[in-house]
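Here the structure is laid out as structure tokens; the discussion comes afterwards.
Every read-out reported here was derived from the displayed coordinates using simple, explicitly stated rules and does not represent laboratory data. Model, not experiment: these values are computed from the prediction. All Cβ positions, glycine included, derive from the backbone under ideal geometry; neighbour counts span all protein chains shown.
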Ligand code: NI
């Protein structure tokens, strides 16, 4: 890391081109701090190698778990333990910071096919929640 400066977390997430795509904004103690924004939902997935920490900065991220859904509001933190299946979704654009050991915005990490290239959720995707 070059200059020591403050990172506008919510602004960095808002500036992203793609939904459900992570950008690294900081690194400390072996963890990556990544911003992302979401709408619609990801696919069901789990991370066997790391816990996934969400800190929501705008909107509400509804984290689907096999045991039910957990709404995470702006200003709230939620930890998904490694190995636990999850499917985050958002009614409106929601922005958040994720802490983890690697970037997980890939097909294996649940990134939906429609989100590549800056597209929005398909009608079927939005109506299928
Ligand atoms: Ni995940």
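Things to note:
- Within the range 46-64, considering residues that are over 11 Å from the mean Cα position of the chain (by Cα) and closer than 19 Å to residue 106 by Cα, the one surrounded by the most Cβ atoms within 10 Å (Cβ to Cβ): 47
- Among the strands (runs of 3 or more DSSP E) confined to the range 65-125, the ones with at least 2 residues that are within 16 Å of the ligand (Cβ to nearest atom) and surrounded by fewer than 13 Cβ atoms within 10 Å (Cβ to Cβ) are located at 77-80.
- When residues in the range 8-45 are screened for being surrounded by 18 or more Cβ atoms within 10 Å (Cβ to Cβ) and within 13 Å of the ligand (Cβ to nearest atom), 8 of them pass.
- Looking only at the range 24-60, residues that are more than 18 Å from residue 80 (Cα to Cα) and part of a strand (DSSP E or B) come to 8 in all.
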